[in-house]
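J.: Please find one structure pasted underneath; my questions will follow.
Nothing in this text is a laboratory measurement; each read-out follows from the coordinates by a stated rule. On a predicted model such as this, the values are computed, not experimentally measured, just so you know. Neighbour counts are summed over all protein chains in view; Cβ atoms, including those assigned to glycine, are modelled from backbone coordinates with ideal geometry.
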Amino acid sequence: MIDQDNPLKDALRDPGAVVAGWLDELGVADPAQRRALQTEAGELVRSLAEGLDRGGDASRLAGPAWDGLRETLESLSRSRAAKGETAGDTSQFVLALKRPLFDALQRSRGDHPERLMAGIWAASQLVDRLAQHTATTFQKSREDIIRRQQDDLLELSTPVVKLWEGVLAVPMIGVLDSNRTQIVMETLLQSIVDSGSGLAIIDITGVPTVDTLVAQHLLKTVTAIRLMGADCIISGIRPQIAQTIVHLGIDLQGITTKATLADALSVALQKTGWRISREK
Amino acid sequence: MDRIPILRMGETLLVTIQVDMQDQTALALQDDLAEKIAKTGASGVMIDISALEIVDSFVGRMLSSISGIAGILSATTVVVGMQPAVAITLVELGLSLEGVKTALDVERGMAMLAAVRAEHRHGG
């Protein structure tokens, strides 16, 4: 019996054929890959049929009837984003559903041109919406991943370590931008207050380049540390960086600078009144 | 209007700022301190701002000018206990308080003033 009201429902009567047509359209030869795609495609077709059963409007992918389908699409694009596939490939996968749907419509409505036309239009619109939704979620998941990684990087790259009684050190690694300097500054200043340390060493061995902006950030940090009543030493200045600093005309007067962290530590110990002697 | 009390401890004047600074309060403090240094002949001024959480450029400048005024009256000023947020704000405002001595807490500030005093005695 042909369902007069909903041509799509009718087209999905044989989900197996639709899935098979879909996979053929994608042209996947590798059997393992085909099996994986078959599960995804089967899931999608099932939730699509469910949505239609619950009276979902095929021209818009909104409302509670399409909840299941939207969720399936979202988990699909999330997993693809995590695998590092492109947005194009992901929406291509969804768009390949058009051909088997059209074929199924052709089979059931081929003898009624007007109804066939209406069915094709509905199917086309629905698949477009699906692809759009997939692309949107895909992009959102990628942005989430990037944001999370950025946060992780910020957390990772700003450890404040206690080197000695009253001596803190921050080994800076990576490019210094205003965002990171701000976080380094905040964590360092807070640690100074918490531990009551009178001396902080900022080690810039891991900073690839020092330009005027980076120097300005460093100067700000040093000034803030001084304002709080602690001293600051900058260490890990490589020969090239020393040259750049002089060529750029950056004024580091009034700031203690050392070539290595070891040198800085020995100055720090001297300043805090420690003396280390060797036994033998 | 609130006036900020100035306590005398030997040769040191101790000011603890525990309220948010209004411009008027800041100006009054500046006046009072100048008077008090002149009257007592104190050699050191300690300003404890550990309870201060909000600063503007006016308060920042006040700290500088108090240090300058005290310097002319031959007293050393130490600002102690600045909170990280306050330090960052002052730096962002472009105020580095050149010439103002700073210390982490009151104890270290006292030690700093004692050191300066000892140096003066040796020198003079």
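J.: Measure nothing but the geometry: give the 0 to 90° angle between the long axis through the Cα atoms of A:67-83 and the longest principal axis through the Cα atoms of chain A, rounded to 10°.
T.: 50 degrees
J.: Among B:K39/B:K101; A:K162/A:K280; A:K271/B:K36; A:K83/A:K140, which pairs are too far apart, with a Cα-Cα distance over 25 Å?
T.: Flagged as over cut-off: A:K162/A:K280; A:K271/B:K36.
J.: Rounding to the nearest 10 and keeping the result within 0 to 90°, find how far the Cα-based axis of helix A:239-248 lies from the longest principal axis of chain A.
T.: Tilt relative to chain A: about 90 degrees.
J.: Can you tell me the dipole magnitude for the stretch A:7-150 around its Cα centre, using point charges on the Cβ only (Lys, Arg +1; Asp, Glu -1), in Debye to the nearest 20?
T.: Dipole size: approximately 280 debye.
J.: Counting Lys +1, Arg +1, Asp -1, Glu -1, what net charge surrounds A:I183 among other residues with beta carbon under 12 Å of its beta carbon?
T.: Around A:I183, the surrounding residues sum to -3.
J.: Work out the charge dipole of chain A with +1 on the Cβ of Lys and Arg and -1 on the Cβ of Asp and Glu about the Cα centre, then indicate which of A:I234, A:P100, A:P31 is farthest towards its positive end.
T.: Positive-most Cα among the choices belongs to A:I234.
J.: Calculate, in whole percent, how much of the Cα-Cα pair population of chain B lies beyond 24 Å.
T.: Percent of Cα pairs beyond 24 Å in chain B: 21.
J.: Order these by the 10 Å Cβ neighbour count, fewest first: B:F58, A:F138.
T.: Ranking B:F58, A:F138 by Cβ neighbours within 10 Å, fewest first, gives B:F58, A:F138.
J.: Sticking with this one: Highest GNM mean-square fluctuation, chain B, Cα pairs closer than 10 Å: which of B:V15, B:V91, B:V78?
T.: B:V91
J.: How big is the stretch A:7-150 in terms of Cα radius of gyration and Dmax, in angstroms?
T.: That works out to 15.5, 58 Å for Rg and Dmax.
J.: Can I ask one more? Hey, could you get me the Stokes-Einstein D for the stretch A:156-280, Kirkwood radius over alpha-carbon pairs, 10 °C and 1.306 mPa s, rounded to whole µm² s⁻¹?
T.: Translational diffusion coefficient: 108 µm²/s.
J.: Let me ask another. Report, in debye and to the nearest 20, how large the dipole of the protein assembly as shown comes out about its Cα centre when Lys and Arg carry +1 and Asp and Glu carry -1 on their Cβ.
T.: In total the dipole reaches around 1000 debye.
J.: About the Cα centre, and with charges only on the beta carbon of Lys, Arg (+1) and Asp, Glu (-1), how big is the dipole of the stretch B:32-124? Nearest 20 debye, please.
T.: Roughly 400 debye for the stretch B:32-124.
J.: What does the charge count near A:A264 come to, summing +1 for each Lys or Arg and -1 for each Asp or Glu among other residues with Cβ under 10 Å from its Cβ?
T.: -1
J.: Relative contact order for the stretch A:7-150: what percent, with Cα pairs under 8 Å and sequence separation of 6 or more?
T.: Once normalised by length, the contact order is 33 percent.
J.: What is the local net charge at A:A32, summed over the other residues whose Cβ is closer than 15 Å to its Cβ (Lys, Arg +1; Asp, Glu -1)?
T.: Counting the neighbours of A:A32, the net charge comes to +1.
J.: Can you list the lysines whose alpha carbon is less than 20 Å from that of A:K9, not counting same-chain residues fewer than 8 positions off?
T.: A:K98
J.: Here's a follow-up. Report, to the nearest 10°, how far helix A:178-195 tilts away from the longest principal axis of the Cα atoms in chain A, using its own Cα long axis and a range of 0 to 90°.
T.: 50 degrees
J.: Suppose we take every Cα in chain A and form the convex hull; what volume per residue is that in Å³?
T.: 222 Å³
J.: Please state the relative contact order of the stretch B:6-123 as a whole percent: Cα pairs under 8 Å, 6+ residues apart?
T.: This gives 25 percent for the stretch B:6-123.
J.: Among A:M185, B:M112, A:M117, rank each residue by its count of other Cβ atoms within 10 Å, from fewest to most, as a rough exposure measure.
T.: Least crowded to most crowded, the residues run A:M117, B:M112, A:M185.
J.: Normalising by the residue count of chain A, find the relative contact order in percent from Cα pairs under 8 Å and 6+ residues apart.
T.: 14 percent
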